[in-house]
Protein chains: 2
Amino acid sequence: MPDSKGTKGKADMMSRRKLLMNGGAVTAGAVLFGATGSLASEKAPSVRSKLPTTKWDGEFDVLVIGSGFAALSAAIEARRKGLDVMVVEKMRVLGGNSCINGGLFAVAGSELQKKEGVKDSIETMVNDMLKAGRGINHVEITKKIAEGSIDAYNFVIQCGAVFKPKLSWLGGHSVARTYLTHNASGSGIVRPLVDTARAEGVVLRTGCKMLDFIVDDDERIVGIRARDGYRFPNEESGQIRMFRARKGVVLATGGFSQDAKFRAAQDPRLAGKIDSTNQLGATGEAMRAAFRAGAVPVQMSLIQLGPWASPDEKGFGVASMFNIQSGFRYGVMVDRSSGTRFVNELADRKTRADAMLKKVDANGSPDYPIIIVDSKGAEACPTLDRCLKYKVVHGFDTIEQLANFYKVPAAKLSETISNYNKYVADKHDPEFGKPLSTATPIVKAPFYAVRGWPKVHHCMGGVEIDVKGHVLHSQNFKPINGLYAAGEVTGGPHGASRLGSCAITDCLVMGRIAGNSVAGNEPS
Amino acid sequence: MPDSKGTKGKADMMSRRKLLMNGGAVTAGAVLFGATGSLASEKAPSVRSKLPTTKWDGEFDVLVIGSGFAALSAAIEARRKGLDVMVVEKMRVLGGNSCINGGLFAVAGSELQKKEGVKDSIETMVNDMLKAGRGINHVEITKKIAEGSIDAYNFVIQCGAVFKPKLSWLGGHSVARTYLTHNASGSGIVRPLVDTARAEGVVLRTGCKMLDFIVDDDERIVGIRARDGYRFPNEESGQIRMFRARKGVVLATGGFSQDAKFRAAQDPRLAGKIDSTNQLGATGEAMRAAFRAGAVPVQMSLIQLGPWASPDEKGFGVASMFNIQSGFRYGVMVDRSSGTRFVNELADRKTRADAMLKKVDANGSPDYPIIIVDSKGAEACPTLDRCLKYKVVHGFDTIEQLANFYKVPAAKLSETISNYNKYVADKHDPEFGKPLSTATPIVKAPFYAVRGWPKVHHCMGGVEIDVKGHVLHSQNFKPINGLYAAGEVTGGPHGASRLGSCAITDCLVMGRIAGNSVAGNEPS
């Protein structure tokens, strides 16, 4: 995707403006606010600094850090309120992790649900999200996300996004409520948002890595320090530049799934040995700069593994979509050594990933489970051709051939599938309680199979926000003046485990809210 | 406990010393370090501040924040290296939460274990801690704690602590390895440590609340800003003072169990409705100041509930010791409505608390389980008299009377106890796998019982440290110059769930290490 480098050029000298650049920190006066919520009584003039003037390398009303779903939504909304907005993306291309997202978008109470006869509501979606989240969601944010889902859908449609005409039913959702972009990728939303943002006058700046927040004496976030011309991952590349944000900064930089050190600090089992579905830039340093600026760290140890990934390709790959759309819905997942099922294939991600990670041999090495679907079930997979071409998914004429290829006991596997087909006929799974109302039996050759293993996929933790997208301060739990956030960089809405296809909803809804909040126009 | 207010008086003017007070933050040059690990290339002179001179209100080599086990251990060790040390405690009394700790102290390979014929090792203790921690412990710190346990025991003995002559065997430990102070309270260790610290010249300052760290241009922590004469919880009380730390600051301020807002951010189920065993000052604001100074937030959502607490008294109370020493070891815990056991009474804390929290009625209100022990088992409880006096524990001549009092089905309860007594005779619990090698049957009147309900007890999360007690920086995971931490304010060593009686070990061992590290003398 192309990028734009327009800025307003060098700013005027700001005479007597007190500025302090630091790791998201504050000057003497500001600290006092942080510690007590009151500026009045604690000024310490003996160390209070008279800071020199500075030059800005560019001035905007709003700086949006990151360029995925949340960032672009915030930028467009703020721009539509008449503000000068610059999107700051550290990578050379726009879109961040959203570009390699699977394009699945949960919407409660959509037109397509009505058309397909699916009964749904905001309450039902919230309850599904709370169930997956083990009840530790920040429920007010969860509700905001579900409530805003229809408007967010209309917003991206109006920007030019196109969706497939059939809903998907993902694990952990009690009904089918998930749209899929026409190209089965998040880029199907990112591109229309980028085009809209550019057409409406948002400045899009790539290769520009935010280093720190710039904070004034009133502890207001007034800008950022960045490496402009940055080339990931060369931390010496580019030039230091300072950009002003008159109204505020929106942090929308995503998670830290690719930062092995930080994720290992939260869960040492994730120290580098396990793959991630995320783009390489998902390293979370802007989130940590926000912690230094006073943001509340929330639920940092809750890191989601995607249960639908395959060890036979890098990252999200093509098999993930195969398993999401076909394998788990229309097929079975079996333990390789016993040939038996071991979990509800449509349980939420945490339940499935935890069950899969137990499939290890005596040395603790993975004994990858196998996901199996028949050719009828595989019709739902938009990436089947590529799955076969890359030899991640294999096709077989008989279950026996499949069993022999993967070294699964063939008789036991046939029995497992035969039992499963009976459950499908009964629409009742007595073993694991998989919802089978739209399932089809595994009967029609060719039979497709893939090896599965979880990958680090989503960080539930992040900075704490309120329902208007204000980032809260760790001492008084009140908004940090001038700092907003949306999307995966925030913590709380998904609790212990995010439901599939709720990330786009979260990012679009909360991004739009943050964009309106920073413009001082906060929709209810 | 008395406190001392000696300081070195007003410090000299520090001409041209560049100081910046902020929420644990940094000046321009320092930020650069935080962002990239290199100071050389990123200085931004146009906004670099020439800060005015300042006065110190007191100068020391080392400031230790907090006054519990970890703080006092660090202070004594640093003092013994010849340093000037001040302990800074925000409350009016010394000792923090350690004073109301139960006084249980796990030591691997002790003399008392040899005397009692208990076979133990550092590896066994580490393995017990990892098992309770669900394998997400920062294992290098866990090992340090177990390795240092004998030396820590000798250290407090040398300071004057006295322990009971019999070991306790706590839930989750595979052997009996826990000492108990002579007065069944952490104060049995705190008092000798305070006396030792004072006798050896450590300055002890109470009513002094740290607000922020003071950081110089090289991003070195050089002191603190504090409210001196502070009276908890009046945030306007006292005077602002600045204290210098020439060598460094040791953060040993404990957890945030009493901060309902912050713990609710991590787990909304803990939003004020649930009691805590901790002293009221355990509110974590110094830990959050450390996050603003760049400390890595680790495993913040892992908050431990004590399963041995009673809803019929405030805080840790007296029943907790009853359940730890007698109820869970020599008795049974039963569901009130069914009269049956539902968990291994000696499982780790998380397992027990999670099982208990499921005992709710149709409205979600607690249906408190009952812990029952006979008079033989109750002999092990050092607080039985007070438990009965405060009417938290009740005594009964027969199981039937007990059942009627608590409205438990009497016949079913008798059957449960009869079955349990058989398991004790067999030394095997086929239902829940409780270790019964030293158990005794429930046969001898009077029978004692108490209602149980978990309380917020310990925060596993905190700032990340290395094995030498350095606090690590969130951008480069290297030590923050001049900042050390030990004890509950740190995150990682206990993983998902801290084993009982390992808190004292953690605090003493890591406190001593931090005290030696800040003195530049780091024992292996």
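The values are calculated or read from the model by the stated rules, or taken from the named source; none is laboratory data. Computed from a prediction, not measured in an experiment: that's the story for all the values here. Cβ placement follows ideal geometry from the backbone for every residue including glycine, while neighbour counts extend to all protein chains displayed. For the accessible areas, the whole protein counts, side chains as well, though only heavy atoms, and no ligand, DNA or RNA atoms are used. Shrake-Rupley method; radii C 1.70, N 1.55, O 1.52, S 1.80 Å.
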FRET efficiency for A:Ala199 and A:Lys478, Cβ-Cβ distance as r, R0 = 56 Å, nearest 0.05? 0.90
For A:Asp397 and A:Ser338, extending 7 Å from Cα along the Cα-Cβ vector and measuring point to point gives, in nm, a value of 3.3
Can you list, shortest first in nanometers, how far A:His182 lies from the same residue in the other copies, with each label 7 Å from Cα toward Cβ? 8.3
Exam field: B:Arg231 pseudo-label spacings to other copies (7 Å along Cα-Cβ), nanometres: 6.4
How much accessible surface area, in Å² rounded to 10, belongs to the heavy atoms of A:Lys422 with a 1.4 Å probe? 110
Using a 1.4 Å probe on protein heavy atoms only, how many Å² of accessible area do B and A hide from each other, summed over both chains and rounded to 100? 4800
Please report the base-10 log of the normalised intensity I(q)/I(0) for region B:141-266, using a Debye sum with one equal scatterer per alpha carbon and no solvent, at each q in 0.19, 0.22 (1/Å). -1.25, -1.29
Can you give the mean number of other chain Cβ atoms that lie within 10 Å of the Cβ atoms in peptide A:460-471? 1
Largest-first principal axis extents, alpha carbons of region A:347-403, Å: 34, 27, 20
Rounded to the nearest whole number, the Stokes-Einstein translational diffusion coefficient of region A:119-161 at 37 °C and 0.692 mPa s (Kirkwood radius, C-alpha pairs) in µm²/s is 294
Scan chain A and report its longest stretch carrying no GluC sites (Glu not before Pro) that are both in a DSSP loop and have at most 15 other Cβ atoms within 10 Å. A:1-199
Answer with one residue from B:Ser257, B:Ala245, B:Ile224: the one whose Cα lies farthest towards the positive end of the charge dipole of region B:187-280, charges on Cβ with Lys, Arg +1 and Asp, Glu -1. B:Ser257
Place a +1 charge on the Cβ of each Lys and Arg in the protein assembly as shown and a -1 charge on the Cβ of each Asp and Glu, then give the dipole magnitude about the Cα centre in debye, rounded to the nearest 20. 1580
Alpha-carbon Rg/Rh ratio, for region A:188-258, with Rh computed the Kirkwood way: 1.01
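Using +1 on the beta carbon of Lys and Arg, -1 on that of Asp and Glu, and nothing else charged, what's the dipole of chain B about the Cα centre, debye to 20?
About 840 debye.
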Run through the other copies and list how far each one's label point is from that of B:Gly433, in nm with one decimal, shortest first; the point sits 7 Å from Cα along Cα-Cβ. 2.2
Structure-based [θ]222 nm, chain A - -39500 (n - 2.57) summed over DSSP H runs of at least 4, per residue, nearest 500: -8500 deg cm²/dmol
Need one number: % antiparallel among DSSP beta bridges in the protein assembly as shown, to the nearest 5. 70
So what does A:Trp169 come to for accessible area, using a 1.4 Å probe and Å² rounded to 10? 30
Relative to chain B, whose Cα atoms define the longest principal axis, helix B:122-132 and its Cα axis are tilted in degrees, nearest 10, by 80
DSSP beta bridges in chain A [antiparallel fraction, %, rounded to 5]: 70
Kirkwood hydrodynamic radius of region A:308-453, from inverse mean 1/r over distinct Cα pairs, in Å: 14.9
Just name one of B:Phe432, B:Val373, B:Val393: the one whose Cα is farthest towards the positive end of the charge dipole of region B:343-443 (beta-carbon charges, Lys/Arg +1, Asp/Glu -1). B:Val393
Over region B:308-453, relative contact order from alpha-carbon pairs under 8 Å, at least 6 apart, %: 35
For chain B, what size does the Cα cloud have along each of its three principal axes, sorted from largest down, in whole Å? 82, 51, 39
FRET efficiency for A:Lys412 and A:Glu111, Cβ-Cβ distance as r, R0 = 60 Å, nearest 0.05? 0.85
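Ratio of alpha-carbon Rg to the 2.2 N^0.38 Å globular estimate for region A:426-524, to two decimals, please.
My calculation over the Cα atoms of region A:426-524 gives 1.62.
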Run the 1.4 Å probe and let me know the accessible area of A:Ile274, rounded to the nearest 10 Å². 30
Student exercise, region A:308-453 dipole from Lys, Arg, Asp, Glu Cβ charges, in Debye to nearest 20: 240
Taking only Cα atoms of the protein assembly as shown, radius of gyration then Dmax in Å: 29.8, 88
If N is the number of residues in region B:90-180, what value comes out of its Cα radius of gyration divided by 2.2 N^0.38 Å? 1.16
Towards the positive end of the charge dipole of region B:130-179, with charges on Cβ (+1 Lys, Arg; -1 Asp, Glu), say which of B:Ile150, B:Ser168, B:His138 has the farthest Cα. B:Ser168
Which lysines have a Cα lying under 25 Å from the Cα of B:Lys389, excluding residues fewer than 8 positions away in the same chain? B:Lys164, B:Lys314, B:Lys376, B:Lys407, B:Lys444, B:Lys455
